[in-house]
Amino acid sequence: MVKKVKRNSPCPCGSGLKYKKCCLDEGSLVDKRVKEIYAKNFNIRLKEKTDVKNIKRAGRLVIRTLDLVETRIRPGIITDEINTIVHDFTIKNAAIPAPLNYRGFPKSVCVSVNEVICHGIPGERVLEDGDIVNVDVTSIVNGYYADANKTYFVGTPSPEAEKIVRVARESLKLSLAMVKPGNTIGHIGWAIQQYAEGEGCSVVEEFTGHGIGFEFHEPPQVPHFGRKGEGITLVPGMVFTIEPMINLGKKELRILADNWTAVTRDGSLSAQFEQTVVVTNNGYESLTPYEL
């Protein structure tokens, strides 16, 4: 853990001055020395207040996009229509849909139905009454990225659908409560795993949350399983996603022939919720906030 440098302590940069007279920036979210340590040791680029403001701007567009999609979800819509809605709305707002052509991904949004865990490619699949569908939106606004997703009911959900969506939503809510300086990435995964498994569900291990802001995917990885106290210590200025993928059945998955779509190996339902957060001096702030 990086120790907090007090105002009247010698500045860790070695200047011989007191910290308050040297590297302390009262208006900064990020401790200058900690920023250097995290960049060198973990390749994590901590964000300043201006960066957070810009990521939050992108986040507002992400949430507006998800809200728009929610009004269009209904039995009979094909998943490619959702892609069109997201793409057109993003472009209309002078932004860029980050998934489009990212490492060869062919669409502007991920749409994952029922047994699809993540990275579903929009196409001709028709949403039917009783389905669940996850829509994962990442927008680039003035060079800054924000990322969030929700799982929606299509028509009237089954008891099984209601359960997996509830557990996934609550998993994110509980994990957010772990985000504060001094805790570790392991605290986040622990909160998700102990709750989801306690509900008789499983946690996907192959995909994680991730740093974001300057790029689509940055360090650190944020697993959705783990132990308290393990992993990198959270410090102000860290921006990352938490996006637990929870299966109603077993955790094992397989990747389809398109090399993107991940599905549950046993065919069980899977649900996911995601927000982008920044660690603050006292806890966290969601940069893509919605009610959980």
Given the chain, longest segment not containing exposed loop trypsin sites (Lys or Arg not before Pro) (DSSP; at most 10 other Cβ within 10 Å):
8-292
If you build a Gaussian network model of the chain, linking Cα atoms that sit under 10 Å apart, which residue out of THR276, THR184, THR156 swings the most?
THR156
With a sphere of radius 12 Å drawn around the Cβ of LEU248, what net charge do the other residues whose Cβ falls strictly inside it have (Lys, Arg +1; Asp, Glu -1)?
-1
Could you go through the range 83-90 in sequence order and give the Karplus-derived ³J(HN,Hα) for each residue, using 6.51 cos²θ - 1.76 cosθ + 1.60 with θ = phi - 60°, rounded to whole Hz, and x for Gly and Pro?
4, 5, 4, 5, 4, 5, 5, 5
Can you give me the distance in nm between label points at GLU199 and GLU36, each placed 7 Å from the Cα along the Cα-to-Cβ direction?
4.5
Compute the separation of the alpha-carbon centres of the range 232-255 and the range 93-151 and state it in Å as a whole number.
17
Would you mind checking the tilt of helix 185-198 against the longest principal axis of the Cα atoms of the chain, expressed as 0 to 90 degrees and rounded to 10?
30
Please work out how much length the chain gains when fully extended from ASN101 to GLU285, using 0.36 nm per residue of separation minus the C-alpha to C-alpha distance, in nm with one decimal.
63.2 nm
Could I have the simple spin-label model distance between ARG254 and ALA94, label points 7 Å from Cα toward Cβ, reported in nm to one decimal?
4.8
DSSP loop GluC sites (Glu not before Pro) in the range 23-117 with at most 16 other Cβ atoms within 10 Å of their Cβ, which ones?
GLU26, GLU48
Kirkwood estimate for the range 106-163, i.e. one over the average of 1/r between Cα atoms, Å
12.5
Once every DSSP H run of n ≥ 4 in the chain is given -39500 (n - 2.57) and the sum is divided by its residues, what mean residue ellipticity at 222 nm do you get, rounded to the nearest 500 deg cm²/dmol?
-9000 deg cm²/dmol
All other residues with a Cβ under 10 Å from the Cβ of ARG125 taken together, and with Lys, Arg as +1 and Asp, Glu as -1, what is their net charge?
-4
Expected vector for the range 38-50, Karplus 3J(HN,Hα) from phi with 6.51, -1.76, 1.60 and θ = phi - 60°, integer Hz, x for Gly and Pro, equals 5, 5, 6, 7, 10, 6, 9, 9, 5, 9, 7, 4, 5
Quick query: amide H of MET245 versus all other amide H atoms, modeled in the peptide plane; which residues come in under 5 Å with a sequence gap of 5 or more or a different chain?
VAL204
Between the helical axis of 159-176 and the dominant principal axis of the chain, each derived from Cα atoms, what acute angle in degrees is found, rounded to the nearest 10?
10
Of VAL113, ASN101, ILE132, whose Cα points farthest to the positive end of the dipole of the range 98-153 (charges on the beta-carbon: +1 Lys, Arg; -1 Asp, Glu; origin at the Cα centre)?
ASN101
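Read the figures in this text as sums done on the coordinates, not as results from a lab. Bear in mind the structure is a predicted one, so any value in this text is a computation, not a measurement. Note: ideal-geometry Cβ built from the backbone for every residue, glycine included; neighbour counts use all protein chains shown.
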